[in-house]
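The values are calculated or read from the model by the stated rules, or taken from the named source; none is laboratory data. Since this is a predicted model, take the numbers as computed values, not measurements. All Cβ positions, even for glycine, are placed from backbone atoms using ideal geometry, and neighbour counts span all protein chains on display.
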Amino acid sequence: TVLIDDEVDAINVLSELLVKFTSIPIKVVGTANNLDDGIEIIKSTKPDVVFLDIDMPNKSGLDIYDYFDNPDFKVIFVTAYNEYAIEALKKNASDYLLKPTSFVDLQEALNKVTKEIEKSQKQNEIEDKASLLTSAEMEGKNVVFEIQGGFIMENTRNIEYCYAKQSYSKMVTYLGKEITVTKPLKALQEILPLNHFYRTHKSYLVNIHYIRKFVKGSESYVLLKSGIKIPVSVRTSLIITKEIKKMLEN
């Protein structure tokens, strides 16, 4: 967290409230008494949250958006004047607190911004996983799978791997979603594209387009792009090695 305010006492009070009395762990990584110095601190420390006064000498706190096109931090304005509230919220500020700041308002603002940060992080994770897909992986077909109580349609390009679960099978998508299919792994293998899915082990079926590398040894395995390790049996090791090399060379 970075605090920017031209009043030193205001920074000290807010810092003490944040560090000692809020239920969310807060670390103040920098403070500044004007916007220019604050911007330099933000660039060097990369905080998650910036608490910012508006009415300061030389430059308004609202000018911060002129220096960051797509800020990767959340802004909470803390000011003695309520006439800036509408403009601040139009600039996508996470919250707007009036001085003197009450503990209750501060805690509510922190709860709100924490949820926003968690939501952004989850969205980034989804986008990162989605970016793993290459043009080759985008080739797939829609297949209808039997599930408990009905059916579900899933494109085979979305399936990273499958594994046996007693008499059923589990399909895992590249986003980490698990789907229980009411068929054994052998039956599932028969309805998936043969040129995309390989039986690396009696309990696993892998979409070869998601394989990052193959490690051969006493306990061979393939490492998927999601970071999951899938065992490769000795019996299929030679076949898998040949097919994976062919795929990775393309």
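Note on the stretch 106-181: enclosed strands (runs of 3 or more DSSP E) holding 1 or more residues that are at pLDDT 80 or above and in contact with an Asp or Glu (Cβ under 8 Å, 6 or more places away or on another chain) are 142-147, 168-173, 178-181. When the criteria are applied in full, Asp48 fails the requirement of being closer than 24 Å to Lys119 by Cβ, surrounded by fewer than 13 Cβ atoms within 10 Å (Cβ to Cβ) and of a type in the set (Asp, Glu). Close contacts from the stretch 19-39, counting a first residue that is surrounded by 13 or more Cβ atoms within 10 Å (Cβ to Cβ) and a second that is part of a loop (DSSP other than H, G, I, E, B) and among the hydrophobic types (A, V, I, L, M, F, W, C), with Cβ to Cβ under 7 Å and a gap of 6+ residues or different chains, come to Val19/Ile26; Val19/Val28; Asn34/Met56; Leu35/Met56.
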